[in-house]
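Please read the structure below before turning to the comments.
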Amino acid sequence: MATAAAHRTTAEAQDAEAERTAAHEAAFDAAVAADERIEPRDWMPDAYRASLVRQMAQHAHSEIIGMQPEANWITRAPSLRRKAILMAKVQDEAGHGLYLYSAAETLGTGREELLDKLHSGRQKYSSIFNYPTLTWADVGAIGWLVDGAAITNQVPLCRCSYGPYARAMVRICKEESFHQRQGYELLLHLSNGTPEQHAMAQDAVDRWWWPSLMMFGPPDDESAHSAQSMTWKIKRHSNDELRQRFVDIAVPQAEALGLTLPDPDLRWNEERGHHDFGAIDWDEFWDVLKGNGPCNEQRISQRRTAHEEGAWVREAASAYAAKHGKAAA
Ligand code: FAQ
């Protein structure tokens, strides 16, 4: 008798739990459908939380690894003005990383854990930052194309269903917009400069164009997460839609710059109302993701070294915060 009663109690408890979960799920789905924001203390499906952590961590990692290719040119910037601009931009990228790690913390995943996953290769960062910055013009090409692609991808993230991520993106996009313009202005100067400067700008665009298109991720039919992320309104547009939007924006800008995009198949398609463009080398993309890009090893080893050498700064900051906290208490 006692055992039967215990079974009944367990079954009742399970039913009640299932009902609660169903009610939570219904409330979550309704909030997403109504374009309301999901906030850190709201109930959310485990898979939603995990996918957000995955994307936000990858995004944060991209911001801080993305400091490396440009930092490479700070000491060699051709004027004090260019040096000040570049330093400000690289600092902004560090800030973006910090907003995003903080936003990810609101989902219960600490920064140390995320950095550990980056350093041990268990989480990704954007493929684009595995290419080298060979000349000063690359700084311009990164600003124009890489930041341009980043903005195209990130403006819709300001409407992401998860509140802290969406709010972080508002400020990030404002700063990315300045970054894009500085790159464009830099390339404009080079393009209208000496024949050697023009050639250097063209060479940079030739090398950065295709990797910039890869930043948007694999084609829609190979994108593992898009469908679910779009249902959850984490992503608002598919990878291919955003890639197309970027190409359409970049073509007239390239013309204004007096530079050529390295794609013989690029042409306006009247019927589609968009530019057609050539085939992307997806083998190269997947290969870079596997760690075989030109700079993968260098980027990660430099990041690990920076982390190790920054240990004393973290310790000092923690000690200061503890002392400060005690004083305030
Ligand atoms: N690189 O199923 P999907 C910047 C992975 S910030 C590496 O389509 P999803 C600022 C993807 O994670 C640039 N991996 O994935 C700056 C997944 O692998 P997983 C970063 C990539 O998430 C400028 C697998 O492939 N921006 O540039 C890439 O739906 C200048 C299947 O892909 C963001 O992170 C890639 N390009 O869509 C800084 C924006 N593409 O996770 C310094 C936020 C895909 O299963 C200087 N993120 N993968 O192991 C997003 O919008 C999305 O995550 C996508 C990918 C669109 C990147």
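The values are calculated or read from the model by the stated rules, or taken from the named source; none is laboratory data. Given the structure is predicted, the values throughout are model-derived calculations rather than measurements. Note that each Cβ is placed from the backbone with ideal geometry, even for glycine, and that neighbours are counted across all protein chains shown. The protein model used for the area step is the full one, side chains on, heavy atoms only, and it has no ligands, DNA or RNA in it. Shrake-Rupley method; radii C 1.70, N 1.55, O 1.52, S 1.80 Å.
Over 10 Å intervals from 0, what percent of Cα-Cα pairs in the range 239-329 sits in each interval?
P(r) over the range 239-329, rounded to whole percents: 12, 23, 20, 17, 15, 11, 3.
Hey, what did the range 253-320 get for relative contact order, percent, Cα under 8 Å, at least 6 apart? Could the numbers behind the result be given before it?
Working: 24 pairs, mean separation 9.2, N = 68.
In percent, rounded to a whole number, it is 14.
At 37 °C and 0.692 mPa s, grab the translational diffusion coefficient of the range 132-217 from Stokes-Einstein with a Kirkwood Rh over Cα pairs, rounded to a whole number in µm² per second.
Numbers: Rh = 13.5 Å.
Rounded, D is 243 µm²/s.
With r defined as the distance between the Cβ atoms of residue 49 and residue 91 and R0 fixed at 30 Å, what FRET efficiency is calculated, to the nearest 0.05?
Values: r = 31 Å, r/R0 = 1.02.
Given R0 = 30 Å and the Cβ-Cβ separation, E is 0.45.
Helix 80-105: angle to the longest alpha-carbon principal axis of the chain, degrees 0 to 90, nearest 10?
Between the helix axis and the principal axis of the chain, the angle is about 20 degrees.
Trypsin sites (Lys or Arg not before Pro) within the range 1-86: which are DSSP loop residues with at most 15 other Cβ atoms inside 10 Å? Provide the component values of the computation, followed by the final result.
On the way: sites: 8, 20, 37, 41, 49, 54, 76, 81, 82, 83; in loops: 37, 41.
Loop-located and lightly packed - 41.
Any idea of the accessible area per residue across the chain, 1.4 Å probe, to the nearest Å²?
Values: 16890 Å² over 329 residues.
Heavy-atom SASA per residue in the chain reads 51 Å².
Would you look at the GNM of the chain, springs on alpha carbons closer than 10 Å, and say which of 100, 145, 289 moves the most?
289
Once you keep just the Cα pairs under 8 angstrom separated by 6 or more residues, what percentage relative contact order results for the range 188-274? Mind showing how you got there, number by number?
On the way: 53 pairs, mean separation 26.6, N = 87.
RCO, the range 188-274: 31 percent.
Based on Cα coordinates alone, diagonalise the gyration tensor for the range 26-92, multiply each eigenvalue by 5, take square roots, and list the semi-axes in whole Å, largest first.
On the way: eigenvalues 338, 33, 10 Å².
For the range 26-92, the ellipsoid semi-axes come out as 41, 13, 7 Å.
Which residue, 161, 62, 223, tops the fluctuation ranking in a GNM of the chain built on C-alpha contacts under 10 Å?
For the chain, modelled as a Gaussian network with Cα springs under 10 Å, the answer is 223.
What is the Cα convex hull volume of the chain when expressed per residue in Å³?
Details: hull volume 65.3 nm³, N = 329.
About 198 Å³ per residue, rounded to a whole number.
Within the range 113-135, what residues put their amide N at less than 20 Å from the label point 7 Å along the Cα-to-Cβ vector of residue 308?
Residues 113-123 fall inside that zone.
Counting only helical runs of four or more DSSP H residues, what would the 222 nm mean residue ellipticity of the chain come to if each run contributes -39,500 (n - 2.57) and the total is spread over all its residues? Walk me through the numbers on the way to the answer.
Working: 14 runs with 216 residues, N = 329.
Dividing the helical sum by the residues of the chain leaves -21500 deg cm²/dmol.
Length gain on complete extension for the stretch residue 290 to residue 18, per 0.36 nm per residue less the alpha carbon to alpha carbon distance?
93.9 nm
Based on the Cβ-Cβ distance of residue 98 and residue 10, what FRET efficiency does E = 1/(1 + (r/R0)^6) give at R0 = 45 Å, to the nearest 0.05?
Details: r = 46 Å, r/R0 = 1.03.
The calculated FRET efficiency here is 0.45.
Evaluate the relative contact order of the chain (contact order divided by residue number), counting alpha-carbon pairs under 8 angstrom at least 6 apart; express in whole percent.
Relative contact order here is 17 percent.
DSSP loop (so not H, G, I, E, B), at most 12 other Cβ within 10 Å: list which trypsin sites (Lys or Arg not before Pro) in the range 94-201 pass both filters.
Values: sites: 111, 117, 122, 124, 159, 167, 171, 174, 181; in loops: 122, 124.
The qualifying sites are 122.
Trypsin sites (Lys or Arg not before Pro), restricted to the range 230-329: which are DSSP loop and have at most 12 other Cβ atoms within 10 Å? Can you show the working numbers first?
On the way: sites: 233, 235, 236, 243, 245, 267, 272, 290, 299, 303, 304, 314, 323, 326; in loops: 233, 235, 236, 272.
Of the trypsin sites (Lys or Arg not before Pro), the ones in loops of the range 230-329 whose Cβ has at most 12 other Cβ atoms within 10 Å are 272.
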